[in-house]
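Asks: One structure coming up, written as structure tokens, with questions to follow.
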Amino acid sequence: MQTEITGLKTEIAGMQTEITGLKTEITGLKTEITGIKTEIAGMQTEITGIKTEITGLKKEIVGIKVELSKKADKKDIEYLKNQIRKSERLLLDEVERVHEILDMHIKDTTRHTA
């Protein structure tokens with residue numbers, strides 16, 4: 001009987017140690033989640049900025065289209081088309097960069113262990 005009680009006490013002590021370890025791990029995960037939330041908020045801010053840039057580019061495009069309708073000179077049209085393409089490439093590069101960052105965070109299993 002005494003042996004059984006001692007065994008149970010040892011088992012309980014082991015479980016308490018395990019629970020303490022789990023609590024520590026949960027605290028660490030909460031800290032990581034808070035960090036990830038902060039990073040996501042930053043990315044959302046970046047995305048909002050990109051949306052603003054897109055809106056600006058759309059307005060530019062509208063202005064360019066107005067210019068194109070006024071000027072039928074092929075050189076001007078080609079120049080404006082090239083400017084639009086450059087703007088689009090820069091914008092797409094930025095969007096791709098943000099997507100790569102998001103993908104990197106999604107694939108980082110060391111940060112998403114919960």
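Throughout, read-outs are computed from the coordinates displayed, never taken from laboratory work. Remember, it's a predicted structure, so these values are computed and weren't measured experimentally. Note that each Cβ is placed from the backbone with ideal geometry, even for glycine, and that neighbours are counted across all protein chains shown.
Asks: Mind listing whichever residues of region 86-102 are farther than 16 Å from Thr38 by Cα and either in contact with a helix residue (DSSP H, G or I) (Cβ under 7 Å, 6 or more places away or on another chain) or of a type outside the set (A, V, I, L, M) (or both)?
Replies: Hits for region 86-102 are Lys86, Ser87, Glu88, Arg89, Leu91, Asp93, Glu94, Val95, Glu96, Arg97, His99, Glu100.
Asks: Out of the residues in region 57-66 meeting the condition of being surrounded by 12 or more Cβ atoms within 10 Å (Cβ to Cβ) and not aliphatic (A, V, I, L, M), tell me which one is nearest to Leu92 (Cα to Cα).
Replies: Glu60
Asks: Here's another thing I want to ask about it. Does at least one position in region 1-13 carry a residue that is charged (D, E, K, R), part of a helix (DSSP H, G or I) and surrounded by fewer than 10 Cβ atoms within 10 Å (Cβ to Cβ)?
Replies: Within region 1-13, one or more residues are charged (D, E, K, R), part of a helix (DSSP H, G or I) and surrounded by fewer than 10 Cβ atoms within 10 Å (Cβ to Cβ).
Asks: Of the numbered conditions (1) within 30 Å of Lys107 (Cα to Cα); (2) out of contact with any helix residue (DSSP H, G or I) (no Cβ under 9 Å at 6 or more places or on another chain), Val62 satisfies every one except a single condition; which is it?
Replies: For Val62, the failing item is (1).
Asks: Hey, any hits in region 18-31 for a residue that's assigned to a helix (DSSP H, G or I), in contact (Cβ under 8 Å) with a residue 60 or more places away in the chain and over 23 Å from Glu96 (Cβ atoms)?
Replies: So far as region 18-31 goes, yes, one or more of its residues are assigned to a helix (DSSP H, G or I), in contact (Cβ under 8 Å) with a residue 60 or more places away in the chain and over 23 Å from Glu96 (Cβ atoms).
Asks: Would it be correct to say that Ile19 is on the phi < 0 side of the Ramachandran plot, exposed (fewer than 11 other Cβ atoms within 10 Å of the Cβ) and of a type in the set (A, V, I, L, M)?
Replies: yes
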